Amino acid sequence: MFYNRHPMTNESNTTRREPLIDAKLVQRLAVSDSGFVFDPVSGHSFSVNETGLRILRLLKEGQDLPSAVKALCDEFLGSAADIERDVLEFAGLLRKQFPA
Amino acid sequence: MVTVAISGMNARPDNPGPGVAVARCLREAADLDARIIGFGYDALDPGLYLTDYCDAGYLLPYPSAGDQALAERLEEIHKSDPFDVFIPCLDAELPNVLRIEQQLKKLGVRTWLPSEDQLKLRSKERLNELAAHAEIACPRTRGITQPDFFQRCDDEGWKYPLVVKGVFYDAYVAHSPADAAVAFNHIARTWGYPVLVQEHIKGEEYNLTGVGDGEGGLLGAVMMKKTGLTDKGKAWAGVAVSDQALLDAAQKLIKATRWRGPLEVEVIKSPSGTYHLVEINPRFPAWIYLSAGVGVNLPHALVNLALSRPLPAFGEPRAGTMFIRYALETIVDLGQFESIIVNGVRE
Amino acid sequence: MTDNTTADKPVWIKPTLRAHRSGLLNKFGAVPSRQWQDEFEDVPVADLIHQFGSPLFVISEQRLRKNVRHLTRAFSARYPRVQYSWSYKTNYLNAVCAIAHQEGAWAEVVSAFEYEKARNLGVPGEKILFNGPHKPRAILERAIKEGAHIHVDHLDELQLIDEIARATAQNVEITLRLNFDTGVTEPWSRFGFNVESGQALDAAWRVAHSPNLKLTGLHSHIGTFVMDTRAYRAQVKTMCQFMERAEKDTGCQIDCIDVGGGFASRNALQGVYLPPEQVVPSIDQYAEAICDTLLEATHGREREGRPRPLLLLETGRAVVDDAEILLTSVVGNKRLPDGRRATIVDAGVNLLFTAFWYHHNVKPTRELSGVAEETVLYGPLCMNIDVMRASILLPPLDVGDVLMFSPVGAYNNTQWLQFIEYRPNVVLVHDDRQVSIVRAAEDLQAVTAQERLPDHLRDVSPR
């Protein structure tokens, strides 16, 4: 299972490496390049923007927070702190779509 | 071929918009080769997916976003999918459309609509003035912004039941101050202020739809008596009637306003035989398909007027022709829904 | 940041996730404004914030002058005798009042405080309209002595004025405040004397019977944010009918008709479906409704040797609202449990009291990128009610981003609260683009100046 909370301290980044969200939940999603996402189990659908789409794909691969943030830092121009904050927030939104 | 854009593609069975019915009239119009584009305000507006009636579907900004948002969106659509005529079918969008009529004209888009002044003349708050001018009885109407009106309205001669209405849509008959306050709050939440209060007239409701030629003439009036109502008071069955007194009243109104464009006149005939003007809607009604049914295809006439073409031949409306409304499901591919959601387009 | 390895990378934007819910499935539905504005009256926002801090109220002298001129011109062009009065309660910062007075406005005040403020600014008594239901004896005595126009609200006040007039052996000209139903707006019946019930005519008789009082004016204020100009036609008609009746019955001669205020500004009132530019009449439309009716109703007077009454206006909101903006800075972002984004800014309802009834226009002061999302704008107060906009479409904002709220000129610098936070600077952009403080930011000294601490409470250490 995934953790509901991820401390934002550097310490946690180096000591905890659980995935941000259960990859199985994300894997069942039909994700199109347009950012349209459909969950065949719940029947819900939602839209994500391009960075949201990228995070979703990283999560599908089962990436944990530090590796997801690193991958995004390599791809995008932005501060690691901002990106980490945004990824955490986005994972929170996803968890809301799939309450445990 | 002519491309006609039609809004109001919402069609929930209990309270449908007129757009799909207008599209259907045009589809069935003899000697009109029309491509039809449907405009909706929600990805679940069914008209957007009804390929029988709409060759393409697009989402528009909500009327509350203002006229320039609408102009920009229409220009964007027109660039990739040019259209020649636009028939707006919802009351709330009309003020915006009228304000951008010149911009539309520059794009080559024709309309057949009332002026802003004409629109104001028939607004629900001003109906009393217009009715007086056209010498038609009209229930007393006034706009309010506070529900405490219902506690003290007795002093001003208002008797229950009375009708509580939104400036654009919705009407409830309230039998007590408590009823009225509930209706007031519901309407204010959806359509804002003012909320209208109207004297309740006992009698039978009749509706008339037609097109004003802009010079005081009424073209092809079709009259209808609702014979079955949904619990929202909308017709699910009706019969075409022919009533000279109602026609005379409508002609007076059209003459008084020099109305240009589609309209629906709602009257109540009291037991004593007096006609009371209840509402004038500046658009086709949801039951407009009856006009095609009785051989007076009003949407077709409107398209021709907009394009300065000769009017189609009208028959004498056949009184006694009925309609019964029913619901049916259309099958929507997830990809089409995605396209509407992501791009606001169904192609 | 711009070396070769990073130059091609796309800039990070905040990720968004939007659940599809029935009734809200329209990406074009509510169109986010792409507008942004980095200056006000040609003064860069960044300079203003740097020099005077955040939050910050900024008033445009030029716009205020222009608005007063436009209003007076619109009415003077249509009616021969017009006098405009600045409604103090709308915004009684000295600078604002002074600009209005320089443009020829009288003062319209509703309390001892406002009366003293106007006098203190140098407005002579005879150019002050004194309204309001509470005029204590001391201020009434002063106002009568100084020749102010007293607008009487109730019989007890009328009696008090009569007493003062008798005691000081003065003849006092008074104006009666009237209330009635226009048939269009909801009647404001709590102020003045009711016309329909005959109360107003009784009051006119009461004045006629007093050797010291003279009825020379009629006043009424039909409501606030009145968007239907027919209400003013009905108002002027009723007032003129009453004027004729009172003159005929009681022998008075009415010299001025004060139609109060109530004109709407181009602000989006909560609960009005269409945008203000479509529902708010222009000043010229108001002027037309009032002047046409007044001209028609007073048509016969001149011929009969009775002058047309002076038309008094007390417009506040429609004149000052768009002459002022509020700049406020983002202090933080958060995600609410329901998925909406929340942004906290440093100005709240303590400063922008009108946020309770308007959806103010909110503009970023730089071009923002990223997807616009439904956002709640919260103020800085530790209070649940501190909401600046309950729902607005905005792209993601960074801490320190400045937002511009407009129009805010009416009823904020008067109804604001010193609550939890200090009130910030208010600055004026002069005609020549110079900027000066017209009300300095509060500090501890200013806020606690009126407090007195009893000696035994001076030591706060636990006993």
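The values are calculated or read from the model by the stated rules, or taken from the named source; none is laboratory data. Computed from a predicted model, the values in this text were never measured in an experiment. No Cβ is skipped: glycine too gets one built from the backbone with ideal geometry, and neighbour counts run over all protein chains shown. Surface areas here come from the heavy atoms of the whole protein model, side chains and all, with no ligands, DNA or RNA. Shrake-Rupley method; radii C 1.70, N 1.55, O 1.52, S 1.80 Å.
What the table below lists for this structure:
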read-out	value
Cα long-axis angle, helix C:283-297 against chain C (0 to 90 degrees, to the nearest 10)	10 degrees
Cα gyration tensor of segment A:10-97 - equivalent ellipsoid semi-axes, whole Å, descending	23, 15, 10
Residue pairs, from the table B:Lys159/C:Lys248; B:Lys79/B:Lys232; B:Lys79/B:Lys252; B:Lys232/C:Lys27, whose Cα atoms sit over 32 Å apart	B:Lys159/C:Lys248; B:Lys79/B:Lys232; B:Lys79/B:Lys252
Square roots of 5 times each gyration tensor eigenvalue, C-alpha, segment B:142-199, largest first, Å	17, 11, 10
Total charge dipole magnitude, segment C:174-275, about the Cα centre, Cβ charges on Lys, Arg, Asp, Glu only, Debye to nearest 20	160 debye
Farthest toward positive dipole pole in the protein assembly as shown [+1 Lys/Arg, -1 Asp/Glu at C-beta], among C:Tyr378, B:Ala23, B:Val296	B:Val296
Helical mean residue ellipticity (222 nm; -39500 (n - 2.57) per DSSP H run of 4+; nearest 500) of chain C	-8500 deg cm²/dmol
Solvent-accessible surface ranking, highest first, for C:His151, C:His70 at 1.4 angstrom	C:His70, C:His151
Kirkwood hydrodynamic radius of the protein assembly as shown, from inverse mean 1/r over distinct Cα pairs, in Å	31.5 Å
Beta bridges by DSSP in the protein assembly as shown, antiparallel share as percent, to the nearest 5	60 percent
Protection proxy ranking of C:277-284, C:447-454 - average other beta-carbon atoms within 10 Å, highest first	C:277-284, C:447-454
Helix-only mean residue ellipticity at 222 nm for chain B, each DSSP H run of n ≥ 4 adding -39500 (n - 2.57), per residue, nearest 500	-8500 deg cm²/dmol
Those residues of segment C:258-274 for which accessible area with every protein chain present is at least 40 Å² below the isolated value (1.4 Å probe)	C:Gly271, C:Tyr273, C:Leu274
Segment B:142-199, accessible surface, carbon-and-sulfur percent (1.4 angstrom probe)	55 percent
Shielding score for B:61-68, defined as the mean number of other chain Cβ atoms within 10 Å	6
DSSP beta bridges in chain C [antiparallel fraction, %, rounded to 5]	45 percent
Accessible area in the full protein assembly, largest first, 1.4 Å probe, for B:Met224, C:Met383	C:Met383, B:Met224
Nearest-ten-degree value, helix B:19-28 long axis tilted from longest Cα axis of chain B	60 degrees
Whole-Å distance, taken between Cα centres, linking segment B:95-109 and segment B:196-258	28 Å
Entries of B:Lys165/C:Lys237; A:Lys96/C:Lys14; B:Lys120/C:Lys89; B:Lys105/C:Lys66 with Cα pairs more than 25 Å apart	B:Lys165/C:Lys237; B:Lys120/C:Lys89; B:Lys105/C:Lys66
Hull volume in cubic angstrom per residue (convex hull over the Cα atoms of segment C:89-166)	75 Å³
Over segment C:61-321, volume per residue of the alpha carbon convex hull, in Å³	122 Å³
Net charge contributed by nearby residues that have their C-beta within less than 14 Å of C:Phe242 (K/R +1, D/E -1)	-3
Summed residue charge, Cβ within 12 Å of B:Val241's Cβ, Lys/Arg positive, Asp/Glu negative	+1
Solvent-accessible area buried by A and B, counting both chains, probe 1.4 angstrom, square angstrom	500 Å²
Diffusion coefficient, µm² s⁻¹, Stokes-Einstein with Kirkwood Rh over alpha-carbon pairs of segment B:223-264 at 25 °C and 0.890 mPa s	205 µm²/s
Residue mean of other protein chain beta carbons inside 10 Å, B:338-345	5
Inverse mean reciprocal Cα-Cα distance (Kirkwood Rh) of chain C, Å	24.8 Å
Unit charges on C-beta of K, R, D, E only; dipole of segment C:337-384, Debye	80 debye
Protection proxy ranking, peptides C:298-308, A:26-36, average beta carbon neighbours within 10 Å, highest first	A:26-36, C:298-308
Residue-level accessible surface for B:Glu135, protein heavy atoms, 1.4 Å, Å²	150 Å²
Aspartates and glutamates with Cα under 12 Å of A:Lys60, excluding same-chain neighbours fewer than 8 positions away	A:Asp22
Area accessible to solvent at B:Phe337, 1.4 Å probe radius, in Å²	30 Å²
Normalised convex hull volume, segment B:105-177, alpha-carbon set, Å³ per residue	133 Å³
Karplus-derived HN-Hα couplings along segment B:263-279 (A = 6.51, B = -1.76, C = 1.60, θ = phi - 60°), whole Hz, x at Gly and Pro	7, 10, 9, 10, 10, 10, 9, 6, x, 7, x, 7, 8, 10, 6, 9, 6
Heavy atoms of C:Trp36: accessible area, 1.4 Å probe, square angstrom to 10	110 Å²
Spherically averaged projected area in nm², based on the convex hull that wraps the Cα atoms of segment B:1-139	10.0 nm²
Extreme residue, positive dipole direction of segment A:10-97, given options A:Ser34, A:Pro66, A:His44 (C-beta unit charges)	A:His44
Total accessible area lost when C and B pair, probe 1.4 Å, Å² to nearest 100	2600 Å²
Area hidden from solvent between C and A (accessible, protein heavy atoms only, 1.4 Å, total, Å²)	2200 Å²
Nearest-20 debye value, segment C:212-261 charge dipole, Cβ charges on Lys, Arg, Asp, Glu	120 debye
Segment B:190-245: Cα Rg divided by the 2.2 N^0.38 Å rule of thumb	1.47
Helix B:334-343 vs. chain B, principal-axis angle (Cα, 0 to 90°, nearest 10)	80 degrees
Nonlocal amide H pairs with C:Leu310, under 5 Å, H built at 1.01 Å	C:Cys256, C:Ile257
5 angstrom amide H check on B:Ala5, placed H, neighbours 5+ away	B:Ile37, B:Asp84, B:Val85, B:Phe86, B:Ile87
Residue-normalised accessible area of the protein assembly as shown, given per residue in Å² at a 1.4 Å probe	44 Å²
Per-residue average of Cβ from other chains inside 10 Å of A:42-55	5
Top positive-direction residue, dipole computed over chain C with Cβ charges, set C:Val226, C:Val96, C:Gly53	C:Val226
At 0.692 mPa s and 37 °C, Stokes D of chain B from Kirkwood alpha-carbon radius, µm² per second	158 µm²/s
